[in-house]
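K.L.:
Mind looking over this structure? Questions follow.
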Amino acid sequence: MPNLFLPDRIIRVNQLDSTNSYALQLLKDTNPSGGTVVMALNQTEGRGQQTNAWESESGKNLTISLILRPDFIFAQDQFQVSMLISLGVSDYLKTYTENVSIKWPNDIYVGDKKIAGVLIEQSIMGAHLSHSVCGIGLNVNQEEFTSHAPNPISLNILTKKNYQLETELKKLLAAIEKRYFQLMDKDGKKLEADYLKSLYWINKKHTFEDENGKFNGNIIGISEFGQLQIEDNKREIRTYNFKEVSFIK
Ligand code: BTN
């Protein structure tokens with residue numbers, strides 16, 4: 001198998017505002033190859049989804065951004081990048097623990113707790129993706145969380161062990177690389193099937209909330225554009241973009 005993440009394409013920095021912001025700036029200023037990785041031991045302005053901050057104690061966790069150039073992906077299929085990253089992270093985590101799932105669109109859970117978050121910022125050129133900056137925050141050695149994040153967990157809390165970040169980085173990149181080549185080899189169907197299988201709350205009755213209030217339903221899948229599909233009690237299928245629906249219980 002060819003390599004995407006070559007050792008000499010890993011940029012290690014002690015402290016940055018945000019690895020995603022740094023990677024986006026690199027794309028503006030230089031011409032980084034696909035497979036460039038930015039890793040920071042500490043982020044002063046780590047960004048989460050929406051306007052949230054990403055909590056990560058200095059030197060304890062993996063906070064990385066991967067620069068990809070997936071020009072084989074059509075613009076309308078851009079959710080495939082989300083699927084490949086979240087599946088790569090969950091494949092990696094499954095080597096340590098059970099009950100790993102992906103809370104749509106790309107939070108990585110162990111049981112009911114969040115162990116990793118993904119922030120993807122990408123741009124389109126013509127009909128295809130030109131670059132993706134895939135930010136991953138993976139809680140590795142942190143033992144206590146102080147922000148308002150509702151349900152954080154780390155590998156350390158789960159397994160009572162400390163991990164070497166460099167070793168974990170290599171394992172994580174290898175897992176993501178596998179999924180990347182799976183997609184490149186036109187095995188998008190397998191990727192999608194595996195993503196669906198891994199979805200948190202898939203095919204189980206739960207309570208959700210949208211702009212009209214709470215309702216019960218089952219997650220039955222995702223649309224071709226990556227929207228969440230929930231079948232409600234009237235057997236109607238409701239389709240949501242990110243942040244249009246919350247998971248209640
Ligand atoms: C989320 O779940 O809200 C997404 C969190 C993404 C955090 C990572 S840490 C590395 C990269 N740089 C950032 O500023 N954010 C992402």
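The values are calculated or read from the model by the stated rules, or taken from the named source; none is laboratory data. All values reported here derive from a predicted model rather than from experimental measurement. A quick note on method: Cβ atoms are made from the backbone with ideal geometry, for glycine too, and the neighbour counts reach across all protein chains shown. Side chains are part of the model used for accessible areas, which takes the heavy atoms of the whole protein and leaves out ligands, DNA and RNA. Shrake-Rupley method; radii C 1.70, N 1.55, O 1.52, S 1.80 Å.
K.L.:
From 172, 196, which residue is closer than 30 Å to residue 238 by Cβ, part of a helix (DSSP H, G or I) and either in contact with a Cys (Cβ under 9 Å, 6 or more places away or on another chain) or of a type outside the set (Asp, Glu) (or both)? Explain how you work it out, then say what you get.
P.N.:
Numbers: 172 fails: closer than 30 Å to residue 238 by Cβ.
None of the others qualify; the one that does is 196.
K.L.:
Among the residues of the range 150-162, count how many are within 12 Å of the ligand (Cβ to nearest atom) and not in a loop (DSSP other than H, G, I, E, B).
P.N.:
The total comes to 1.
K.L.:
Among the residues of the range 14-34, is there at least one that is in the same structural domain as residue 168 (by TED's automatic domain parsing), on the phi > 0 side of the Ramachandran plot and in contact with a strand residue (DSSP E or B) (Cβ under 9 Å, 6 or more places away or on another chain)?
P.N.:
Keep residues of the range 14-34 that are in the same structural domain as residue 168 (by TED's automatic domain parsing), which gives 14-34.
Subset that is on the phi > 0 side of the Ramachandran plot: none.
Scanning the range 14-34, I find no residue that is in the same structural domain as residue 168 (by TED's automatic domain parsing), on the phi > 0 side of the Ramachandran plot and in contact with a strand residue (DSSP E or B) (Cβ under 9 Å, 6 or more places away or on another chain), so the answer is no.
K.L.:
Would the range 130-149 turn up any residue that is of a type in the set (A, V, I, L, M, F, W, C), farther than 21 Å from residue 51 by Cα and open to solvent by 50 Å² or more (accessible area, probe 1.4 Å)?
P.N.:
We begin by selecting, within the range 130-149, every residue of a type in the set (A, V, I, L, M, F, W, C); these are 133-134, 136, 138, 140, 145, 149.
In the following step, the residues that additionally are farther than 21 Å from residue 51 by Cα were identified as 140.
Filter once more, keeping what is open to solvent by 50 Å² or more (accessible area, probe 1.4 Å): none.
No, the conditions are met nowhere in the range 130-149.
K.L.:
Given the residues 133, 118, which is the only one that is touching an Asp or Glu at 6+ places or on another chain (Cβ under 6 Å) and either in a strand (DSSP E or B) or not assigned by TED's automatic domain parsing to the domain that holds residue 26 (or both)? Explain how you work it out, then say what you get.
P.N.:
Working: 118 fails: touching an Asp or Glu at 6+ places or on another chain (Cβ under 6 Å).
That would be 133, the only listed residue that is touching an Asp or Glu at 6+ places or on another chain (Cβ under 6 Å) and either in a strand (DSSP E or B) or not assigned by TED's automatic domain parsing to the domain that holds residue 26 (or both).
K.L.:
Check the range 142-149 and report whether any residue there is touching a Ser or Thr at 6+ places or on another chain (Cβ under 6 Å) and part of a helix (DSSP H, G or I). So that I can check it myself, show each step before the final result.
P.N.:
Taking the range 142-149 as the starting set, the residues that turn out to be touching a Ser or Thr at 6+ places or on another chain (Cβ under 6 Å) are 142.
Next, only the ones that are part of a helix (DSSP H, G or I) stay: none.
Scanning the range 142-149, I find no residue that is touching a Ser or Thr at 6+ places or on another chain (Cβ under 6 Å) and part of a helix (DSSP H, G or I), so the answer is no.
K.L.:
Consider only pairs whose beta carbons are under 7 Å apart and that are at least six residues apart or on different chains; among these, list those whose first residue lies in the range 10-30 and is open to solvent by 70 Å² or more (accessible area, probe 1.4 Å) and whose second residue is of a type in the set (A, V, I, L, M, F, W, C).
P.N.:
Partner pairs satisfying both residue conditions: 12/39; 14/41; 15/40; 15/41; 22/16; 22/38.
K.L.:
Out of all the residues in the range 150-159, which are out of contact with any Ser or Thr (no Cβ under 9 Å at 6 or more places or on another chain) and surrounded by 17 or more Cβ atoms within 10 Å (Cβ to Cβ)?
P.N.:
We begin by selecting, within the range 150-159, every residue out of contact with any Ser or Thr (no Cβ under 9 Å at 6 or more places or on another chain); these are 150-154, 156-157.
If the condition is that a residue be out of contact with any Ser or Thr (no Cβ under 9 Å at 6 or more places or on another chain) and surrounded by 17 or more Cβ atoms within 10 Å (Cβ to Cβ), then 152, 153, 154, 156, 157 are the ones that fit.
K.L.:
Only one of 218, 162, 212, 203 is surrounded by 14 or more Cβ atoms within 10 Å (Cβ to Cβ), over 16 Å from residue 66 (Cβ atoms) and free of Cβ contacts under 8 Å to residues at least 60 places away in the same chain. Can you tell me which?
P.N.:
Details: 162 fails: surrounded by 14 or more Cβ atoms within 10 Å (Cβ to Cβ); 212 fails: surrounded by 14 or more Cβ atoms within 10 Å (Cβ to Cβ); 203 fails: surrounded by 14 or more Cβ atoms within 10 Å (Cβ to Cβ).
Within the list 218, 162, 212, 203, the selection yields 218.
K.L.:
Also: Look through 76, 50 and report the one residue that is within 16 Å of the ligand (Cβ to nearest atom), open to solvent by 70 Å² or more (accessible area, probe 1.4 Å), assigned by TED's automatic domain parsing to the domain that holds residue 172 and over 17 Å from residue 156 (Cβ atoms).
P.N.:
Values: 76 fails: within 16 Å of the ligand (Cβ to nearest atom).
Within the list 76, 50, the selection yields 50.
K.L.:
In addition: If you take the residues of the range 31-41 that are open to solvent by less than 30 Å² (accessible area, probe 1.4 Å) and away from the ligand (no atom under 13 Å from the Cβ), which of them is farthest from residue 167 (Cα to Cα)?
P.N.:
My answer is 32.
K.L.:
For the range 178-193, does any single residue satisfy the condition of being touching a strand residue (DSSP E or B) at 6+ places or on another chain (Cβ under 7 Å) and of a type in the set (Gly, Ala, Ser)?
P.N.:
Within the range 178-193, not a single residue is touching a strand residue (DSSP E or B) at 6+ places or on another chain (Cβ under 7 Å) and of a type in the set (Gly, Ala, Ser).
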